[in-house]
1. Which of the residues belonging to the stretch 52-94 are closer than 21 Å to G157 by Cα and among the β-branched types (V, I, T)?
2. If we keep just the residues of the stretch 196-224 that are out of contact with any Leu (no Cβ under 7 Å at 6 or more places or on another chain) and touching a residue at least 40 places away in the same chain (Cβ under 8 Å), which is least open to solvent (accessible area, probe 1.4 Å)?
3. Conditions: (1) under 24 Å from C122 (Cβ atoms); (2) β-branched (V, I, T); (3) in contact (Cβ under 8 Å) with a residue 12 or more places away in the chain. V76 meets all but one. Number of the miss?
4. Could you tell me which residue of the stretch 129-149 is farthest from R64 (Cα to Cα), considering only residues that are open to solvent by 40 Å² or more (accessible area, probe 1.4 Å) and within 15 Å of the chain's Cα centre (by Cα)?
5. Enumerate the pairs (first residue in the stretch 45-72 and without any contact (Cβ under 8 Å) to a residue 40 or more places away in the chain and part of a loop (DSSP other than H, G, I, E, B); second residue anywhere and surrounded by 15 or more Cβ atoms within 10 Å (Cβ to Cβ) and not hydrophobic (A, V, I, L, M, F, W, C)) with beta-carbon separation below 9 Å, excluding pairs fewer than 6 apart on the same chain, so at least 6 apart or on different chains.
6. If I ask for residues that are part of a loop (DSSP other than H, G, I, E, B) and not basic (K, R), which ones from the stretch 84-118 would you list?
Amino acid sequence: MEGIRKKDAEKLAATGVRSEVASGLRDGIPIAMGYFAVAFSLGIIAKNAGLTAILGFVSSFFTRASAGEYGVYTLVAINAAYVEIVAMSLVANLRYMLMSAALSQKIAPGTPWYHRVLMACCITDEVFGISVNHKGYTPPAYTYSAALVSTFCWASGCAAGIIAGGLLPSAVVSALSVALYGMFIAIIMPPSRTDRNVLYAVVASFVLSGLCAIAPLVSEWSPGTRTIVLTVLISLVAAWLKPIKEKEDGEA
């Protein structure tokens, strides 16, 4: 009897994993389509820096950061020192540390440490958006599957851009890049419609980001630094004004 119950539990767990993988792929495919278009234009920049299609695919597969990769390829093109490249990448991608901290609150207690590390490595702006909006705890299988399909298209788009080179007009490449911004807006709008606190935070982020881009002194900061500072400040104010109340069982 105990053996039968164990097998039933294993079948139920396997069914749950397959369901989460399917959900991750379903939510990751629209992201992947936007990624391919944006990475295609990034591949043209990589080609100008002297990268081959294979190098572009590998670098994009393990980086998955548009601003960071753009800065890296630009510095590679001018033969910058390794120290400069590493420093620029840290500044441009420092926001992912904040996203990792936020996503850690969505991981079920008892999840092995290696799953936590791998989920942090999967984070991009869009994958983070769908992961934190997952109902209940976010299982590793969901994040892995969404990250895998989107990462493959991101790397493939970069390689395709390198192969295509400058064949496409710049106006067409710029038009394709708009898809990513529309996709990210589609991620943040649904929770904004159901929660006014989220809506206020989103509006504040848009307004303050625009003001900081033209304000004296602050406008001289890198976009990554401005994003980090605004994220921390807006999150602190939102948490102070509208804290999430916890139930007696400890769940928010």
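The values are calculated or read from the model by the stated rules, or taken from the named source; none is laboratory data. Here the structure is a predicted model, which means the values were calculated and not measured. Here the Cβ is made from the backbone with ideal geometry for all residues, glycine too, and neighbour counts use every protein chain on show. The accessibility values were calculated without ligands, DNA or RNA, using every heavy atom of the protein model including side chains. Shrake-Rupley method; radii C 1.70, N 1.55, O 1.52, S 1.80 Å.
1. T52, I54, V58, T63, V72, T74, V76
2. Ranking the qualifying residues of the stretch 196-224, first place goes to S222.
3. (1)
4. Filtering the stretch 129-149 for residues that are open to solvent by 40 Å² or more (accessible area, probe 1.4 Å) and within 15 Å of the chain's Cα centre (by Cα), the one farthest from R64 (Cα to Cα) comes out as N133.
5. A49/Y73; A49/T74
6. N93, L94, Q105, I107, A108, P109, G110, T111, P112, listed by residue number.
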